[in-house]
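The values are calculated or read from the model by the stated rules, or taken from the named source; none is laboratory data. Quantities reported herein were computed from a predicted structural model and do not represent experimental measurements. Please note: Cβ atoms are built from the backbone with ideal geometry, for glycine as well, and neighbour counts cover all protein chains shown.
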Amino acid sequence: MSTPSVTMGESPKPYSREWLLSDRPASRRQAQLGRAYVTWRRFSANPLALLGLGIIIALILIAAFADVLAPHSPVIGDLGGSRLFPPGTGSFLLGSDDQGRDILSRLLYGSRWTLLVVVLVAIISAPIGLIVGTVSGYAGGWVDAVLMRITDIFLAFPKLVLALAFVAALGPGIQNAIIAIAITSWPPYARIARAETITVRNSDYISVVKLMGASPVRIVLRHIIPLCMSSLIVRVTLDMAGIILTAAGLGFLGLGAQPPLPEWGAMIADGRRFILDQWWVAAMPGIAILVVSLGFNLLGDGLRDALDPREGNQ
């Protein structure tokens, strides 16, 4: 990427394009803003990444304003007068379920539970994996061997099977499902953080920090962890789709959100009895899971391309 030229003796205006793309930043803030601007330009050049970002923004807005957008109650239906209405009947745009509840309203409110699951799982599992991976990679020796063998034990089991085991031990419920998914989601993050740490731990940059008297804890927290954040953000974003599917799988099996909560996996489980005649009961939440999962995958691919340092050298 070429830097726009500036006339000799003139300095670019602050926050202008030339100022952001300067190859000689005058401050740390200018360098950080310049990197953010270059990253955004790479990201915005990918239309599929923008589509994924739009889907996620739409999901956030729907979850925030579900009580305004929903035309009916998500938990109260009319068994006598509105049971299993097809899409487009009266005020039921996406139809109604076997309890006479509006499917659209339940989908809108269910987006809140979907966001709650992915956000809490990311908040719990990502820091655990990051700390385990950086400590393992920097310490080496028996510490690395012990932590990685524990990680291998978790990786040896399929995520859904391991989550089922934890939920069976903790008991059904959305809170226990979140804990179980978080416990099974951190090992890949630890592997990525360890690989990044091993790459940089013997670099000149870390050697200089050691000579300045920095302790191992300070080196890991202040210098190594920030270097691992880009790869971790990309992996967490790409894993969001898997987290949604795992949560839906637990809900489908009756181990996640419990009735009458409008969770998408539980909605599919409720509609499986009517899949041949009243297909919309199970199809609508399935489509919602598909669209949101696709949005996270597209967003993750775009972030990977934008945050990959090799992209800037091409």
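Here are a few things to note about the model shown:
- When region 95-104 is limited to residues that are within 12 Å of residue 70 (Cα to Cα) and in contact with an Asp or Glu (Cβ under 9 Å, 6 or more places away or on another chain), the one that is surrounded by the most Cβ atoms within 10 Å (Cβ to Cβ) turns out to be 103.
- Annotation note: Cβ proximity below 7 Å between a residue of region 96-110 that is more than 15 Å from residue 283 (Cα to Cα) and without any contact (Cβ under 8 Å) to a residue 40 or more places away in the chain and a residue that is of a type in the set (Ser, Thr, Tyr) and not in a helix (DSSP H, G or I) (sequence gap 6+ or interchain) occurs for 100/82.
- Flag for residue 214 being surrounded by fewer than 19 Cβ atoms within 10 Å (Cβ to Cβ) and over 21 Å from residue 285 (Cα atoms): yes
- Which numbered condition residue 52 fails, given (1) surrounded by fewer than 14 Cβ atoms within 10 Å (Cβ to Cβ); (2) part of a helix (DSSP H, G or I): (1)
- The residue of region 115-129 that is farthest from residue 268 (Cα to Cα), among those that are surrounded by fewer than 23 Cβ atoms within 10 Å (Cβ to Cβ) and in contact with a Leu (Cβ under 8 Å, 6 or more places away or on another chain), is 126.
Listed here are the residues, each with its yes/no results for (1) of a type in the set (Ser, Thr, Tyr); (2) under 27 Å from residue 260 (Cβ atoms); (3) in contact (Cβ under 8 Å) with a residue 12 or more places away in the chain.
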site	(1), (2), (3)
172	no, yes, yes
197	yes, no, yes
201	no, no, yes
221	no, no, no
224	no, no, yes
231	yes, no, yes
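- Applying a threshold of 9 Å to beta carbon distances and a minimum spacing of six or more residues, or different chains, the list of pairs starting in region 237-258 at a residue that is more than 13 Å from residue 180 (Cα to Cα) and ending at one that is basic (Lys, Arg) and surrounded by fewer than 24 Cβ atoms within 10 Å (Cβ to Cβ) reads 237/304; 238/304; 242/159; 252/272.
- Qualifying residue in region 248-259 (condition: surrounded by fewer than 17 Cβ atoms within 10 Å (Cβ to Cβ) and part of a helix (DSSP H, G or I)): no
- Output for region 255-268, where each listed residue is more than 20 Å from residue 165 (Cα to Cα), modelled with pLDDT of 85 or more and out of contact with any Pro (no Cβ under 6 Å at 6 or more places or on another chain): 261, 263
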